[in-house]
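The values are calculated or read from the model by the stated rules, or taken from the named source; none is laboratory data. Note that the coordinates shown come from a computational prediction; the quantities given were computed from them, not determined experimentally. Glycine gets a Cβ as well: all are built from the backbone with ideal geometry, and neighbour counts include every protein chain shown. We work out accessible area using only protein heavy atoms, side chains counted, and drop any ligands, DNA or RNA first. Shrake-Rupley method; radii C 1.70, N 1.55, O 1.52, S 1.80 Å.
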Amino acid sequence: EKWAATRPKHPPTRVALQHFDATYTAQLGQLWPSVRIALLSERKYGALINNFSQDAGFADLEAQGCRDFISFRDGEAGSSFEHIDANSQQPFPLHLSQNIRCFVFPKGDTTRFKPAKPDQFGLLCYYLMDAASVLPCLALDVQEGHTVLDLCAAPGGKTLALLQTHMIGYLCINDSSVSRTLRLKKVLQSYVPKQFLADDRLRITSFDGTKWGEIESNTFDRVLVDVPCTTDRHSLMEDDNNIFSKSRTVQAACPGGEILYSTCTLSLNQNLNVVEQGIYLAEKNHDIRLQVVSLQHLTKMFRNTFHFAPDLHLGEMVIPHLTANFGPIYLCKLRRLN
Amino acid sequence: TSQAPQHPHETSPVPGGPVRDLSLRSLTDMGFTDCQAGQIFETVSSLRGGGAKHVLSTLTVLFVLGLNPSSVLKLLVKCPELYSVKDTQLQQRISNLRKLGLLEGSLQRTVAHYPKILTVPAKSVKSVAVFLREKCLFTTQQITDILRDSPAVVLEDQDQLEYKFQYVYFRMGIKQAEMVKSRLFRFHLDEVRCRHSFLERRGLYQTPDKKGQTSIINPKLDSILSADQDTFVSQVAQASVEEYNVFRELLAREWKEEELQQGRIEAD
Ligand SMILES: C[S@@+](CC[C@H](N)C(=O)[O-])C[C@H]1O[C@@H](n2cnc3c(N)ncnc32)[C@H](O)[C@@H]1O
């Protein structure tokens, strides 16, 4: 019948939605209805600029009314990230890479991006991804010459953002799924010139990330753990994912190294609890002490682009909102002390 | 004294006569002020075609309905098409509305509020009534109420009307009596769907299950529809205007894409 056509295309089951309503009302309170409708509506993208491409396509993007949210921050002094809150847990300033650029349409603007065009060498000028997914890469704070591990890398959006920094000494890219790793390789080939993908610069593997600490420990300056999770946008089943807490991924970082844990779920189970448990188990089982690094200044810097969940006691979370329909992305940064 | 020769004044009004020519005089004779008469005269003269002939008798029918000169003029300003409706047709349309239950008082109010209803052939109005009775199972009294409160239904596309009914009945789980009470048919289908979808995706509205039950209390249809947009957004949906504006855009895009999809499936 005609009215049937008015149903949502992928109707989540009533039971699943009710479970969601219960969980997230408890978690987000009055914010939940706005998050809910954003999850059930078209999401927004960002265009990660590929600075390996000859034609970055800026002019085109700017003419359409979008801007790089990283360099363009309303009401924010350009160098504000050097100011550090007195009560912040962050002892060192975060250096935002000047090379990572991501264009977005302004708040409330629903214009879509056109597909990226290839330059004369066939490299695409931008990569469309959730703009909030760039935050973990910025927060990872890669420095010149760093050895970096991207543990769950496919399809490669964050890998690509990390490569834009041009600062990485050696990059290990891993994803346990072989087919997804192949996809990631294709992405890299469409965006990065061959010489930057040479063996002396990076390595692509398909190991089970939970075993990484056994394979290679005390090695990396930076570790990005973008765990697989049942994403709230596509699925309504939930189970906590312990790839982080139960594993030895923190062992992969060298002492003083930093680990960025991120997920794309709103679930506190998959987020805070996993991190807390991970910290606890690292100390208990491996005698590794981890310190939480505050990301508050990051949320302050980008509060005009994203909606952040208020008052998380651990990490930060971008929550979807119709006017800025990015996320959900949870991120938490840890420093290995010993 | 010799009898004055009869000067047949061809333009003088013949009370009750079948054909009178339209003149300022004939209009003031009917009770219009000079100024009102001038206004009508001008409009009619500017109308193309021979509509002017029956204007006086058409006006008479409106007077007989019980409207006074200034309400008649208001009607004509709102709906100049009425000038070209023949008095006999007008008569027929009015008596049809009476048959459908619009009695004295509500008939006049309906006509005054929506004069266009008199431009619609009695046959079409009847078919809308039949449609409401047979396809939507409204009672006779409910149909009268619909015609009185939402006379524009008589000009709405019947497929649209059916879709609107089915949407509210099946998707929103609302019965006929409540539809009538909240004057559903005054509102455009897109507006109804948009407000409902907004609430539904925010988790504030549920389609009742087979037993008619929901796990939340749905807001009343009346409170969803009759509030102006700002009130709806802030009070009923407890959201911001910015969110609603974005949502409308996204939803319109979803509908367009669904239609394209639908078109593709049908073409296959
Ligand atoms: C959220 S996605 C990563 C998205 C990616 N970082 C990006 O930005 O494009 C999670 C990935 O983890 C991979 N994965 C699942 N279990 C894993 C494991 N035990 N070890 C390593 N990778 C795993 C999945 O194949 C999936 O590609």
Can we say A:Lys158 is open to solvent by 10 Å² or more (accessible area, probe 1.4 Å), among the basic types (Lys, Arg) and within 10 Å of the ligand (Cβ to nearest atom)? yes
Restricting attention to helices (runs of 4 or more DSSP H) lying wholly within region B:86-172, give those where 2 or more residues are under 15 Å from B:Phe185 (Cβ atoms). B:106-113, B:122-134, B:140-149, B:158-166
Restricting the search to region A:172-216, which residues are within 13 Å of the ligand (Cβ to nearest atom) and aliphatic (A, V, I, L, M)? A:Ile173, A:Val178, A:Leu182, A:Leu184, A:Val187, A:Leu188, A:Ile204, A:Ile215
Quick one: is A:Leu135 surrounded by 20 or more Cβ atoms within 10 Å (Cβ to Cβ) and within 11 Å of the chain's Cα centre (by Cα)? yes
Quick count over region A:185-210, residues being open to solvent by less than 30 Å² (accessible area, probe 1.4 Å) and at pLDDT 95 or above, is 7
May I ask you to list the residues in region A:252-300 that are in contact with a His (Cβ under 8 Å, 6 or more places away or on another chain) and either within 27 Å of A:Thr23 (Cβ to Cβ) or of a type in the set (S, T, N, Q) (or both)? A:Leu272
Please indicate, with yes or no, whether at least one residue in region B:243-251 is buried (at least 16 other Cβ atoms within 10 Å of the Cβ), in contact with a His (Cβ under 9 Å, 6 or more places away or on another chain) and in contact (Cβ under 8 Å) with a residue 40 or more places away in the chain. no
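Here's the yes/no breakdown for (1) over 30 Å from B:Tyr163 (Cβ atoms); (2) exposed (fewer than 13 other Cβ atoms within 10 Å of the Cβ):
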{"site": "B:Asp87", "(1), (2)": "yes, no"}
{"site": "B:Gly105", "(1), (2)": "yes, yes"}
{"site": "B:Pro121", "(1), (2)": "no, no"}
{"site": "B:Val125", "(1), (2)": "no, no"}
{"site": "B:Val128", "(1), (2)": "no, no"}
{"site": "B:Arg133", "(1), (2)": "no, no"}
{"site": "B:Phe138", "(1), (2)": "no, no"}
Which of the following residues is at pLDDT 95 or above and in contact with a Ser or Thr (Cβ under 8 Å, 6 or more places away or on another chain): A:Leu160, A:Leu128, A:Leu123? A:Leu123
Restricting attention to region B:144-173, the residues that are within 14 Å of chain A (Cβ to nearest Cβ), open to solvent by 30 Å² or more (accessible area, probe 1.4 Å) and of a type in the set (A, V, I, L, M) number exactly 0
Within region A:250-274, how many residues turn out to be part of a helix (DSSP H, G or I), buried (at least 22 other Cβ atoms within 10 Å of the Cβ) and of a type in the set (A, V, I, L, M)? 3
Within region A:279-338, the residues that are without any contact (Cβ under 8 Å) to a residue 12 or more places away in the chain and either acidic (Asp, Glu) or within 14 Å of chain B (Cβ to nearest Cβ) (or both) are A:Glu283, A:Asp311
Going through region A:99-118 in order, the residues found to be more than 14 Å from chain B (Cβ to nearest Cβ) and open to solvent by 20 Å² or more (accessible area, probe 1.4 Å) are A:Asn99, A:Arg101, A:Phe113, A:Lys114, A:Pro115, A:Ala116, A:Lys117, A:Pro118
In the set A:Gln18, A:Gln27, which member is open to solvent by 60 Å² or more (accessible area, probe 1.4 Å), within 14 Å of chain B (Cβ to nearest Cβ) and at pLDDT below 95? A:Gln18
Would you mention how many residues in region A:217-241 are more than 10 Å from the ligand (Cβ to nearest atom) and modelled with pLDDT of 55 or more? 10
Can you name the residue in region A:275-290 that is touching a Leu at 6+ places or on another chain (Cβ under 7 Å) and open to solvent by less than 60 Å² (accessible area, probe 1.4 Å) and, of all such residues, is nearest to A:Trp212 (Cα to Cα)? A:Ala282
Counted residues in region A:32-70 being of a type outside the set (Val, Ile, Thr), touching a residue at least 60 places away in the same chain (Cβ under 8 Å) and assigned to a helix (DSSP H, G or I) come to 4
